[in-house]
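K.L.:
Quick one: the structure is below, and I'll ask about it shortly.
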Amino acid sequence: MTDPVQQLVEVLQAEMGAQQELAAVLDGKLDAMRHYDLPRLEALSRSEQRLMEGLRLHEVRRTDAVRRAAWKVLGPGPTGPVTARQLAQASPEPARTKLLAVAAMLGEVVQMVQRLHRINTVAAQKVLMHFEHVFRIIAQSGWDIGLYGKGGKKAFLQQRRLVDATA
């Protein structure tokens with residue numbers, strides 16, 4: 001049977017790979033927003049959703065692996081959350097070095113993913129605010145859009161262009 005600390009290292013490496021894949025998807029979403037590529041944006045959003053579901057499973061695996069490693073390394077004593085640093089300090093080499101290295105790399109990738117999430121959120125909010133502004137201008141323009149009025153007659157139809165709405 002594999003050592004629980006080594007299993008934890010493997011679980012953390014798998015989670016790091018999923019987080020890196022998520023970072024690539026989020027970076028792609030930002031690029032798709034810049035280029036107004038809606039089909040690509042929709043596909044990347046589906047990929048992001050799939051990866052987020054996978055990361056939830058990774059979290060369960062990580063929690064279980066930490067519990068098993070803590071039981072082996074620290075004994076039955078700890079009842080609260082156990083950190084990678086605590087496990088590493090109580091582990092022999094080379095497991096100590098591997099665990100610290102993987103935990104540090106995973107932390108960096110998670111921070112990058114959080115930063116990309118914040119950037120994508122701000123970008124999406126700005127796009128929505130822009131569309132809200134354009135629609136407000138169109139609504140306030142007072143131009144007829146070709147519907148029938150109260151008297152049952154169709155009003156004179158003027159051609160509408162987006163340029164007219166933003167001008």
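K.L.:
Pairs needed: first member in the range 110-130, farther than 13 Å from residue 27 by Cα; second member anywhere, surrounded by 15 or more Cβ atoms within 10 Å (Cβ to Cβ) and polar (S, T, N, Q); C-beta distance under 9 Å; at least 6 residues apart or different chains.
P.N.:
110/19
K.L.:
Considering only the range 41-58, state which residues are over 17 Å from residue 121 (Cα atoms) and in contact (Cβ under 8 Å) with a residue 12 or more places away in the chain.
P.N.:
51, 54, 55, 58
K.L.:
Only one of 42, 93, 10 is more than 30 Å from residue 130 (Cβ to Cβ) and assigned to a helix (DSSP H, G or I). Can you tell me which?
P.N.:
Criteria check complete, one pass: 10.
Residue-wise test of (1) at pLDDT below 95; (2) over 28 Å from the mean Cα position of the chain (by Cα); (3) in a loop (DSSP other than H, G, I, E, B).
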residue: 1; (1), (2), (3): yes, yes, yes
residue: 24; (1), (2), (3): no, no, no
residue: 47; (1), (2), (3): no, no, no
residue: 50; (1), (2), (3): no, no, no
residue: 68; (1), (2), (3): yes, yes, no
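K.L.:
Within the group 13, 49, which residue is within 20 Å of residue 108 (Cβ to Cβ) and not hydrophobic (A, V, I, L, M, F, W, C)?
P.N.:
13
K.L.:
Right, something else. Taking the condition under 19 Å from residue 118 (Cα atoms), hydroxyl-bearing (Ser, Thr, Tyr) and out of contact with any Gly (no Cβ under 7 Å at 6 or more places or on another chain), does residue 91 pass?
P.N.:
Answer is no for this residue.
K.L.:
Further, regarding this structure: Select, from 43, 88, the only residue that is among the small types (Gly, Ala, Ser), over 18 Å from residue 25 (Cβ atoms) and surrounded by 12 or more Cβ atoms within 10 Å (Cβ to Cβ).
P.N.:
Exactly one residue qualifies, and that residue is 88.
K.L.:
To continue, here is another question. Cβ-Cβ under 8 Å, sequence separation 6+ or interchain: first residue in the range 10-25 and over 15 Å from residue 59 (Cβ atoms), partner charged (D, E, K, R). Which pairs?
P.N.:
25/48
The values are calculated or read from the model by the stated rules, or taken from the named source; none is laboratory data. Owing to the predicted nature of the structure, the values given are computational and were not obtained by experimental measurement. Note: ideal-geometry Cβ built from the backbone for every residue, glycine included; neighbour counts use all protein chains shown.
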